[in-house]
Amino acid sequence: MLGTAGHVDHGKTALVKLLTGCNTDTLAEEQQRGLTIDLGFAPCRMADQRVVGVVDVPGHVDFIRNMVAGAHGIDVVILVVAADDGVMPQTREHLAILRLMGRRHGLVALTKVDLVEPARREAVLADVRGLLAGTFLEAAPICPLSTVTGEGFEAFFEALNQAVGACEDRPCGGLFRSWVADVFTIRGFGTVVTGIPSSGAVEVGDPLRLVPTSESARVRRLEVYGEDAAVGRAGECVALNLPELDHASVRRGMVLYEPEGVAPVSMVEGELELLDSVEGTLKDYVEVHVHLGTASGLARVAMLEHASMAAGQRQMIQLRLAEPLGIVPGDRFVIRSSLAGAGQGGLATIGGGRVLGASNARLRRQRPWTLAALAARRTALDDPLAWCETMLRESHGPVGVRALARSCFVHEPELAPVLAKLRDQGRLVETSDHRWLHRDSVERMAARAIEALRAFHAAQPGRLGVEREELRSSLAADAELFEWAVSVLIETGRVETQGTVLCASGWRPRVSGAVDRLAEQVEATLQQAGWAPPTLDELALALREPVARIEGVVGLLGERGVLVRLDARLVMHRDAIEAARQVALRLFGRARSFTTMAFRDALGVSRKYAVPVLDYFDRTRFTVRAGHDRTPGVEARSRLGGNHLAGGGAP
């Protein structure tokens, strides 16, 4: 897309007519006043026969919001300066707006040269070069021409072709999204919405949603540059026939998006830059006029770093909008204000920037984590790989592909090669349920886990460690993220497994000699008891110790892996448990399953002991309960190997 810019009555519309043959001033008021009021669009055929779009914008200060609405979608700027007037206020303001909106390609048309003497022409050329110094147009060609006599047009057209040739193609990936530029209705067709899509592509039959109203419609037909087309792409001038929409409910500043693509937001974060020309100070929470895409409205500037800003300064801010908009990270914004020194005694452009986030939640000033996250987003914004990685790095747990694709504003198939590359680089891990984690998230959870372990050791110096599930629960951690973190801690030697518990490497519980002696007595008693151990109450009575002390020692021996707790009052020595497993394996060697009674008889004990053992086997997936029978679980099957016949019977 080409786009004009410049002061009122400098010949922008006349130049577009010379380029395209179209008069873009189509409103009756525009033709009556000889003044461009709203946006005008026309197709332009280049020297290589490709067709590009031209947006003609108004130059009058009263219609700046229309100018910004048109400028958001252009790729190549034609800055128009009249030789008789020279550089004027809107010449400067339009150039500032284009720079704030990230434009990088263009040229200058020095019009009306037929009205001035050569000396005046040279003086204006010098002024223009001074204006362009330090901007994206500093090295751009300045082409003198007359739209009346045709002087210089060929040289201008050649320079324009070179500028178009140097401009990168717009990427057409991602979710389709288009700011509404205009809306009207055609008899027999219904509502037609025009705009320049910011991303993606749209085809006839595609469903679209209007943000912020959430109305839905399907594309009945579409045109690109005024011609029927099968597909409309990012960067093209597209007209969409959406008969299901009531044209009265659609207005400039709304967004057409793929269903579930974006939600309307009232609070967005970004980095604001104030222009060097601004005089005075911008205070925190000041109300400004904000322009985003084709939308304009009021917003408060909540500063996230300092309480004020002066000319040339930058800082992270949050825009709190008066009305919700369909904004996504990467959108450019411009703010205008009556700030002292802004000029013309009224509103003027004072700064702008780029949206980095759409939290829709009030953020507070000078929060280091907020500023760090926004800075990381700023760095990653134009790199799909880096943006995907940033989204995962910000997450507190595993993220599914669908949710991740939405936060990256792409389709799921587009995300697959990005995830594969990041995984191959060792920056991501894929969970067992096909979700994704960033290595930094794993390391953050690992740091929290080791900190919690050390706190546990400090509070419980007599305990060997903490059970995995107990630790995970205390951290309120996602199970997959926690397991990855623990595996990293064990691999790097920061954590050890002792029996059934986790502990910091090198940790040894501090227990008295009396506790150690009692532990030896408890272990010996239970080892001798085999499959018929005493209850804890009976054990306390036999050893003449308080039940609470016996509970503590049993917990200590359980952490060491010496004892296995079967239920609230019954524990068994690990040797007895392993012997019971061997009994179960022998029973499976004879048949596909066995009953509780068969297991009880094989152990030679009562149900009081046999049932808790079987329940423990079920919990640990050694067996699987099916009514009154037990079949082999995961561990039993791995131990049985080929010795367990599917049909039963001994080999």
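The values are calculated or read from the model by the stated rules, or taken from the named source; none is laboratory data. In this text, all values refer to a predicted model and were calculated from it rather than measured experimentally. Positions of Cβ are generated from backbone atoms using ideal geometry, with glycine treated the same way; all protein chains shown enter the neighbour counts. In case anyone asks, the SASA skips ligands and DNA or RNA and just uses the protein heavy atoms, side chains included. Shrake-Rupley method; radii C 1.70, N 1.55, O 1.52, S 1.80 Å.
Brief remarks on what is shown
- The condition of being of a type in the set (Asp, Glu), open to solvent by 10 Å² or more (accessible area, probe 1.4 Å) and at pLDDT 95 or above holds for only one of Glu469, Glu389, that being Glu389.
- When we screen Leu175, Leu208, Leu242 for residues that are touching a Leu at 6+ places or on another chain (Cβ under 6 Å), of a type in the set (A, V, I, L, M) and farther than 18 Å from Val54 by Cβ, the only hit is Leu208.
- Residues of the range 122-155 classified as closer than 14 Å to Gly11 by Cα, modelled with pLDDT of 95 or more and aliphatic (A, V, I, L, M), total: 1
- Of residues in the range 508-521 being in a helix (DSSP H, G or I) and not β-branched (Val, Ile, Thr), the one modelled with the lowest pLDDT: Gly513
- Segments classed as helices (runs of 4 or more DSSP H), wholly inside the range 437-500, with at least 1 members that are out of contact with any Phe, Trp or Tyr (no Cβ under 6 Å at 6 or more places or on another chain) and within 17 Å of Leu392 (Cβ to Cβ): 439-459, 479-491
- The C-beta contact set for the range 490-507 (first residue at pLDDT below 90, second residue of a type in the set (Val, Ile, Thr), distance under 6 angstrom, 6+ apart or interchain) comprises Val501/Val466.
- For the condition farther than 24 Å from Met391 by Cα and buried (at least 24 other Cβ atoms within 10 Å of the Cβ), Gly326 does not qualify.
- Out of Glu279, Glu269, Glu273, one residue alone is within 20 Å of the chain's Cα centre (by Cα) and either part of a strand (DSSP E or B) or surrounded by fewer than 17 Cβ atoms within 10 Å (Cβ to Cβ) (or both). It is Glu269.
- Summed over the range 209-239, the residues that are open to solvent by less than 40 Å² (accessible area, probe 1.4 Å), part of a strand (DSSP E or B) and touching a residue at least 60 places away in the same chain (Cβ under 8 Å) give a count of 2.
- Of the residues making up the range 88-120, those that are surrounded by fewer than 17 Cβ atoms within 10 Å (Cβ to Cβ) and in contact (Cβ under 8 Å) with a residue 24 or more places away in the chain are Pro89, Gly102, Arg104, Asp114, Leu115, Arg120.
- Residues of the range 39-84 that are surrounded by fewer than 21 Cβ atoms within 10 Å (Cβ to Cβ) and in a loop (DSSP other than H, G, I, E, B): Met46, Ala47, Asp48, Gln49, Arg50, His60, Asp84.
- Among the residues listed as Val410, Val355, the single one being under 20 Å from Val265 (Cα atoms), open to solvent by less than 30 Å² (accessible area, probe 1.4 Å) and in contact (Cβ under 8 Å) with a residue 12 or more places away in the chain: Val355
- Residue check for Val238: hydrophobic (A, V, I, L, M, F, W, C), under 21 Å from Gly3 (Cβ atoms) and in contact with a Pro (Cβ under 8 Å, 6 or more places away or on another chain): yes
- Residue that is least open to solvent (accessible area, probe 1.4 Å), among those in the range 131-150 that are more than 46 Å from the chain's Cα centre (by Cα) and of a type in the set (Ser, Thr, Tyr): Ser146
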